[in-house]
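Notes to accompany the following structure.
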Amino acid sequence: MLTKNAPDLRYSDVTPERLYLRRREFMKMASSAALVATGGLGGFACRAEAQSGQKLEGVRKTSFAVDEALTPFKDITTYNNFYEFGSQKEDPSHNAGSLKPRPWTIKVDGAVAKPGQFEVDEFIKPHALEERIYRLRCVEAWSMVIPWVGIPLGDVIKRFEPTSKARYVEFTTLFSPSQMPGQRYEILPWPYLEGLRLDEAMHPLAILAVGLYGQALPNQDGAPIRLVVPWKYGFKSIKSIVRIRFVEKQPMNTWQVMTPSEYGFYSNVNPEVDHPRWTQATERRIGEFRRRKTLMFNGYADQVASLYAGMDLRKNY
Ligand SMILES: Nc1nc2c(c(=O)[nH]1)N[C@H]1C(S)=C(S)[C@@H](COP(=O)(O)O)O[C@H]1N2
Ligand SMILES: [Mo]
């Protein structure tokens, strides 16, 4: 018998009803499309793996590393949230083979002295690749430990010379229904958007990840480049980024647009502020059975709490 607190929340527990209903429509589409496109079972999964194998050279170890067991590669790449490829955890690993992470262009615009369009490898090149072993805490109360490979977001931002009007940074995911089959359905408002305050984005813990476990990011984890903000709920870590825009006003983010009563702008991990429909005090580490206590700012309070000094974290959730 499953007990009330042991299993993960089910999709229907964490999902607004209108989204849940649209998901059933998507599932019907996804299963028939997969059979047509691959002529059988397993085709999508194979293609997604083929693009993820490339080993990344010259990755520097850093002291940014939690001393906890790594979540296995298999779990990190088959238990995903990436609604552009479906809303079940295994959907992205099956469906993300249609994403083409090269060639890939990133646009940098808004309040910066040096805006531009960059081919992704040119965008990454000025920076040394670093390994960052971070906890990832999903708002659905599960967590992982992931050995990312990435570049510090703050170093990237400095290159573009934000002006005094740049108070926030907005990130946008690719919009391409032909590559991202979920975007053919209005399961979320597309494209997926996220935002950070400029000082959050400049914090040394925030990175743009381009790989994990020493190899290029698998498509289902946000290839070719995604944000990782380890002290915030996982949904802030937007995948497959095509645009970085510097703005004066606080931008909206997708989950806030979708369900404003449940998700705010900051979304800092906070065991003391429950989600309206479930507790955030504990979490299930993927691969473990007993629940763990969730830590303030996901365990990064010493490094980031000062960013929020004087703010009421119950209101600014
Ligand atoms: N574009 C986009 N980015 C996204 C999501 C998404 O659905 N679309 N899901 C978010 C959520 S809810 C989480 S928990 C993390 C999961 O990252 P992972 O699958 O690499 O563990 O990605 C985030 N980034
Ligand atoms: Mo999440």
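The values are calculated or read from the model by the stated rules, or taken from the named source; none is laboratory data. Please read these numbers as outputs of a predicted model, since none were measured by experiment. Neighbour counts run over all protein chains shown; Cβ positions are idealised from the backbone, glycine included.
Annotations for the structure displayed:
- Residue under evaluation TYR213, criteria (1) within 19 Å of ASN80 (Cα to Cα); (2) within 16 Å of ligand 2 (Cβ to nearest atom), criterion not met: (2)
- Where strands (runs of 3 or more DSSP E) sit wholly within the range 165-257, none has at least 3 residues that are within 21 Å of TRP104 (Cα to Cα), more than 13 Å from ligand 1 (Cβ to nearest atom) and out of contact with any strand residue (DSSP E or B) (no Cβ under 6 Å at 6 or more places or on another chain).
- Test: residue in the range 114-133 that is out of contact with any Lys or Arg (no Cβ under 9 Å at 6 or more places or on another chain), basic (Lys, Arg), closer than 30 Å to HIS275 by Cα and in contact (Cβ under 8 Å) with a residue 12 or more places away in the chain: yes
- Residues satisfying the stated conditions in the range 211-237, i.e. more than 23 Å from ASP91 (Cβ to Cβ) and either crowded, with 24+ Cβ neighbours inside 10 Å or modelled with pLDDT under 95 (or both): VAL229, PRO230, TRP231, LYS232
- Candidate set: the range 223-240, residues that are within 18 Å of GLU119 (Cβ to Cβ) and out of contact with any Asp or Glu (no Cβ under 9 Å at 6 or more places or on another chain); chosen: the one nearest to ligand 2 (Cβ to nearest atom): ARG226
- Residue selected from the range 125-138 under the condition crowded, with 21+ Cβ neighbours inside 10 Å and of a type in the set (A, V, I, L, M, F, W, C), by the criterion farthest from ligand 1 (Cβ to nearest atom): LEU136
- Members of the range 280-317 that are among the charged types (D, E, K, R) and either farther than 17 Å from ALA141 by Cα or without any contact (Cβ under 8 Å) to a residue 60 or more places away in the chain (or both): GLU288, ARG290, LYS293, ASP302, ASP312, ARG314, LYS315
- Scanning the range 241-277 for residues that are in contact with a Ser or Thr (Cβ under 7 Å, 6 or more places away or on another chain) and within 13 Å of ligand 2 (Cβ to nearest atom) turns up just one, VAL269.
- Hits in the range 104-158 (condition: more than 21 Å from VAL169 (Cβ to Cβ) and either within 16 Å of ligand 2 (Cβ to nearest atom) or touching a Cys at 6+ places or on another chain (Cβ under 8 Å) (or both)): ARG135, ARG137, CYS138, GLU140, ALA141, TRP142, SER143, MET144, VAL145, ILE146
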